[in-house]
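Undergrad: This is the structure I have questions about; it appears just below.
The values are calculated or read from the model by the stated rules, or taken from the named source; none is laboratory data. All values reported here derive from a predicted model rather than from experimental measurement. When we count neighbours, we look across all protein chains shown, and the Cβ atoms used for this are built from the backbone with ideal geometry, even at glycine. Protein only, heavy atoms only, side chains kept; ligands, DNA and RNA dropped before computing areas. Shrake-Rupley method; radii C 1.70, N 1.55, O 1.52, S 1.80 Å.
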Amino acid sequence: VQLQASGGGLVQAGGSLRLSCKAAGINFRLHDMNWYRQPPGKQREWVAGITSGSSTEYTDVVKGRFTVSRDNVRRMAFLQMDRLTPEDTAVYYCKTRCSGADFWGQGTLVTVSS
């Protein structure tokens, strides 16, 4: 199983970014996909998730600003991030669980300047 996250970058506060996560080696449509982030000097935290049935959940601090989605044909998950704030600065990771094991993407850095 391989996950490749991309789409990070530098953006001003109030701006938007769209992260992508490309999956390989799994029957993508059967698996939930989750996004996590690790701010500088802090622990990794869960941000959002989308089930195989496309139900979505978000941590409170991103509700109404972030949108998680998936494209089963392209085997990709997305995290649309709007109205970004400096507190959203972090390395963002996608994660899935397959056969009892967690698989992580390599992380993509999002930096929000004030």
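Undergrad: Quick one: net charge around residue 49, please, counting Lys, Arg +1 and Asp, Glu -1 for every other residue with C-beta under 10 Å from its C-beta. Each step should come with its number before you reach the end.
TA: Values: positive: 95; negative: 32, 57.
Net local charge, residue 49 excluded: -1.
Undergrad: What's the carbon and sulfur percent of the chain's accessible surface, probe 1.4 angstrom, rounded to a whole number? Write down the numbers at each step before the final one.
TA: Values: 2760 of 5990 Å².
The computed percentage sits at 46.
Undergrad: Moving on to the next point. Using a/c under 1.5 as the rounded threshold, could you call the range 32-98 rounded, prolate or oblate? The axes a ≥ b ≥ c are square roots of the C-alpha gyration tensor eigenvalues, and prolate needs a/b larger than b/c, oblate otherwise. Write out the running numbers ahead of the final one.
TA: On the way: a/c = 2.03, a/b = 1.54, b/c = 1.32.
Prolate.
Undergrad: What number, in percent, do you get for the relative contact order of the chain if the mean sequence gap of Cα pairs under 8 Å and at least 6 apart is divided by its residue count?
TA: Relative contact order here is 37 percent.
Undergrad: Going toward the positive end of the dipole of the chain, with +1 on Lys and Arg Cβ and -1 on Asp and Glu Cβ, which of 69, 47, 1 do you reach last?
TA: Selected residue: 1.
Undergrad: Over the chain, with the other protein chains present, what is the accessible area per residue in square angstrom, probe 1.4 angstrom?
TA: Details: 5990 Å² over 114 residues.
About 53 Å² of surface per residue is accessible.
Undergrad: Net charge within 12 Å of residue 75 by Cβ-Cβ distance, Lys/Arg positive one each and Asp/Glu negative one each, not counting residue 75 itself?
TA: Working: positive: 22, 29, 70, 74; negative: 71.
After counting each charged neighbour, the total is +3.
Undergrad: Among the aspartates and glutamates, which fall within straight-line cross-link reach of residue 63, defined as a Cα-Cα distance under 17 Å, with same-chain neighbours fewer than 8 residues apart omitted?
TA: Of all the aspartates and glutamates, those that pass the test against residue 63 - Cα under 17 Å, at least 8 places apart if same chain - are 45, 82, 87, 88.
Undergrad: How about residue 22: which lysines have a C-alpha closer than 22 Å to its C-alpha, ignoring those fewer than 8 places off in the same chain?
TA: 95
Undergrad: To the nearest 20 debye, what is the magnitude of the charge dipole of the chain about its Cα centre, counting +1 on the Cβ of each Lys and Arg and -1 on the Cβ of each Asp and Glu?
TA: Here the chain has a charge dipole of around 260 debye.
Undergrad: For 71, 60, 88, 32, give the ranking by accessible area with the largest first, probe 1.4 Å.
TA: On the way: 71 40, 60 115, 88 5, 32 70 Å².
From most exposed to least exposed: 60, 32, 71, 88.
Undergrad: State the cysteines of the chain left without a partner when partners are defined as other cysteines whose beta carbon lies under 4.7 Å away.
TA: 98
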